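Below is one structure, written out as structure tokens; the observations come after it.
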Amino acid sequence: LCILGYNASIQGYVGNDFWETKINVDAAQKGLYEGLAEIDASAALTRDQAAQMIWNGLQANEVEYVTTLVTGPDGTLTSKVTVQDKVSDDNLKTKVTLLEDKYDAEIEYGYMTGIEYDSVKNEYTYTFEDDTNTFGGEAIVDDAYVGELTTAKDFTDLFGQKVAVVYKNVTNKTVYGMYGESTVLASDIVGNITNA
């Protein structure tokens with residue numbers, strides 16, 4: 001939470017006064033417990049849980065504190081500090097994730113629809129179909145990846161799946177990784193499944 005920009009003293013994360021509850025409330029609001037349905041926040045984390053929480057933290061929006069002057073009932077001015085999601089300086093005022101701010105990286109989504117392999121360069125070129133509506137996030141589209149990307153790593157097992165690509169900015173196109181959302185299309189005894 002502190003890496004996301006929370007101030008431990010302001011948020012009450014220190015001392016003896018319900019600090020654990022305050023941390024858990026902010027962590028839940030930031031989505032740090034996503035995918036950890038049965039987590040005991042008071043117990044030690046497993047490696048899997050820690051990795052999931054770190055991944056959630058990288059995708060969480062950073063925060064910043066804003067100080068405003070408030071006029072009291074007696075006419076005196078007092079300063080009030082509030083926490084809010086940090087926004088970029090662009091005209092869109094988009095929220096800034098830890099992944100974007102600290103690593104200059106982004107996540108984009110699409111269906112992997114094509115694979116080509118260049119044996120001379122030992123590189124795979126993957127083609128994606130835009131899927132903004134399904135994912136509700138940024139899609140792999142013409143202005144980002146021109147619908148494709150090239151990497152030496154073999155991600156062919158993701159063909160036909162919904163894929164998230166974690167990459168370092170559009171100019172650099174360094175791919176940190178790809179992961180898919182596997183889907184079971186049919187399940188039965190071998191030989192009983194036919195194309196519809």
Largest-first semi-axes in Å of the equivalent ellipsoid built from the Cα gyration tensor of the range 48-117 are 40, 16, 9
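Ignoring ligands, DNA and RNA, what percent of the 1.4 Å accessible area of the range 1-125 is carbon and sulfur?
The value for the range 1-125 is 51 percent carbon and sulfur by accessible area.
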Two pseudo-spin positions, 7 Å from Cα along C-beta at THR125 and at ALA51, lie apart in nanometres by 3.2
Of the listed pairs LYS30/LYS93; LYS86/LYS168; LYS30/LYS102; LYS22/LYS168; LYS30/LYS86, those with alpha carbons more than 24 Å apart are LYS22/LYS168
Amide H proximity to LYS162 below 5 Å, modelled H, separation 5+ or other chain, gives GLU181
Result for the range 1-78: accessible area per residue, probe 1.4 angstrom, in square angstrom, of 67
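The values are calculated or read from the model by the stated rules, or taken from the named source; none is laboratory data. Note that this is a predicted model, so its numbers are computed, not measured. Note: ideal-geometry Cβ built from the backbone for every residue, glycine included; neighbour counts use all protein chains shown. Calculation scope for accessible area: heavy atoms of the full protein, side chains included, ligands and nucleic acids excluded. Shrake-Rupley method; radii C 1.70, N 1.55, O 1.52, S 1.80 Å.
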